[in-house]
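**Q** Have a look at the structure that comes next, please.
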Amino acid sequence: MNVKLKLALASLKHNTARTFYLTVLISVICFSVFVGETVTSGLCGGMESLKKRLGADIIVIPSGKNRQQNFEGILLGGKPGFFYMPNSVLAEISRIDGVEMVTAQFYLASLTADCCSTELQIMGFDPDSDFIVMPWLTKSYAKKLQPGEVIAGSDVFVPKTGIIKIYNQDIKVVGSMDKTGTGLDFTVFGNTDTVKLMLRSAQKLGVSATDADPDRVVSSVMIKVRDGFDKSDIVNTINRTVAGVQAFENRDMVISFTSRLNHMTLMIKSLVAFICVLAMIMVIFVFSVMLNERKNEFGVLKIMGFTVRSLLAVVFCELVFICAAGSLTGVVMAAVWSLSFKSFLESELGVPFLFDGYESFLLHAGVTAAAGTVLSLLLLLPFVLKVLSVPTDAVMRE
């Protein structure tokens, strides 16, 4: 083994406390950067997924306090819920000038009880008029959904039998959706006949929160506006002329979540920057103290025939080991943390959240580890050069 490398390893082994502290500090920097990158990219991915899934220009739901927040919770947060309004609003809305297409959706929430396999959000849609759900559901199941069949969101647990029980009805899962990062991942989708069958069963069991006739109600109406018409004018017309409903543009929901995303991203980046700056200051301080303590060691090595270039190579090897070990440790810990809290991050942040694929995840991990190593070396090498450039006689006189 090369003498310089042997000397570097011996120094690291002999000064375990110094090696440990520097490694931990560099790990903290890489951990913070990778976690921050993972969370912010997940937030951005969730927003992109949200924009793709909201295919309606205008959304109409029953009027009521916090109803829009409840709707956002169903669609984006995976929080089971339901609300209903008379299906007669569908005909009223379709007659409004500028409305090109309308389709109704029907929501139902299952229970964590003997009658149901688990608590789920259930969304029913009309295959004959739907222009929202079908375009992306057909990627998972190309056939027409029959009564009693559903497609499950990516995070819905499906038994090996492919059968889930909802209000004592055996429902067959015929496909699974790709991950979206929204509440749709915790939702099952079926045609309106299937969802109405479940509601009737819930009413017979006495566990339904409504006694409304399933054939006379809908939960929401999705609207596609004809080209050349102003969406806000149509929203105002609906709110003014259709009783018991509230209409809003889908962009209002996107803007709301974009604002929350920007605020959350700024907080994360600020926290990461603060931690990194503090850790860097501590790294520089510890490393400076360490180098000053080794001035006599370097002086003795110079007397023994080591050149400044040779000593630089020794210290450089030490730094490579410390920086690489710290960067890899920090990234591995961040990856383990991110994957362990993946479900929590996706379901509890209150905004759409979609992790990158594992290939991208590993690529980010590798880039962060490499960047952490290189930047740490660039940060510390000037201090090494400064100490090694001190003349030997000046060092030995101290």
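**Q** Scanning region 127-142 for residues that are more than 27 Å from the chain's Cα centre (by Cα) and open to solvent by 50 Å² or more (accessible area, probe 1.4 Å), which turns out modelled with the lowest pLDDT?
**A** 142
**Q** Report, by residue number, each residue of region 217-236 that is open to solvent by less than 70 Å² (accessible area, probe 1.4 Å) and outside any loop (DSSP other than H, G, I, E, B).
**A** Within region 217-236, 217, 218, 220, 221, 222, 223, 225, 232, 234, 235 meet the criteria.
**Q** Would you please name the residue that is farthest from the chain's Cα centre (by Cα), looking only at residues in region 287-319 that are β-branched (Val, Ile, Thr) and open to solvent by 50 Å² or more (accessible area, probe 1.4 Å)?
**A** My answer is 303.
**Q** Quick one: in region 6-62, of everything that is at pLDDT 75 or above and farther than 29 Å from residue 376 by Cβ, which residue is surrounded by the most Cβ atoms within 10 Å (Cβ to Cβ)?
**A** This residue is 60.
**Q** Given (1) surrounded by fewer than 17 Cβ atoms within 10 Å (Cβ to Cβ); (2) not in a loop (DSSP other than H, G, I, E, B), where does residue 151 come up short, assuming only one miss?
**A** Against the list (1) surrounded by fewer than 17 Cβ atoms within 10 Å (Cβ to Cβ); (2) not in a loop (DSSP other than H, G, I, E, B), residue 151 comes up short only on (1).
Residues checked against (1) within 22 Å of residue 79 (Cα to Cα); (2) of a type in the set (Gly, Ala, Ser); (3) open to solvent by 70 Å² or more (accessible area, probe 1.4 Å); (4) in a loop (DSSP other than H, G, I, E, B):
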| position | (1), (2), (3), (4) |
| --- | --- |
| 144 | no, no, yes, yes |
| 158 | yes, no, no, yes |
| 170 | no, no, yes, no |
| 174 | no, no, no, no |
| 197 | yes, no, yes, no |
| 202 | yes, yes, no, no |
| 208 | yes, yes, no, yes |
| 215 | no, no, yes, no |
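**Q** Also, I was wondering about something else. Scan region 289-329 for residues that are over 30 Å from residue 35 (Cβ atoms) and part of a helix (DSSP H, G or I) and report the count.
**A** 20
**Q** Same structure, new question: For region 176-195, name all the residues that are open to solvent by less than 10 Å² (accessible area, probe 1.4 Å) and small (Gly, Ala, Ser).
**A** If the condition is that a residue be open to solvent by less than 10 Å² (accessible area, probe 1.4 Å) and small (Gly, Ala, Ser), then 181, 183, 190 are the ones that fit.
**Q** I've got another one for you. I'd like to know if region 236-247 contains one or more residues that are within 22 Å of residue 57 (Cβ to Cβ) and under 31 Å from the mean Cα position of the chain (by Cα).
**A** Yes, region 236-247 contains a residue that is within 22 Å of residue 57 (Cβ to Cβ) and under 31 Å from the mean Cα position of the chain (by Cα).
**Q** Right, another one. Being among the polar types (S, T, N, Q) and in contact with a helix residue (DSSP H, G or I) (Cβ under 6 Å, 6 or more places away or on another chain): is that true of residue 146 here?
**A** Judged against the criteria, residue 146 is not a match.
The values are calculated or read from the model by the stated rules, or taken from the named source; none is laboratory data. What you see is a predicted model; the values in this text were computed from it and never measured. Here Cβ is always computed from backbone atoms with ideal geometry, including for glycine, and neighbour counts include all displayed protein chains. Areas reflect the complete protein model, heavy atoms only, side chains present, ligands, DNA and RNA absent. Shrake-Rupley method; radii C 1.70, N 1.55, O 1.52, S 1.80 Å.
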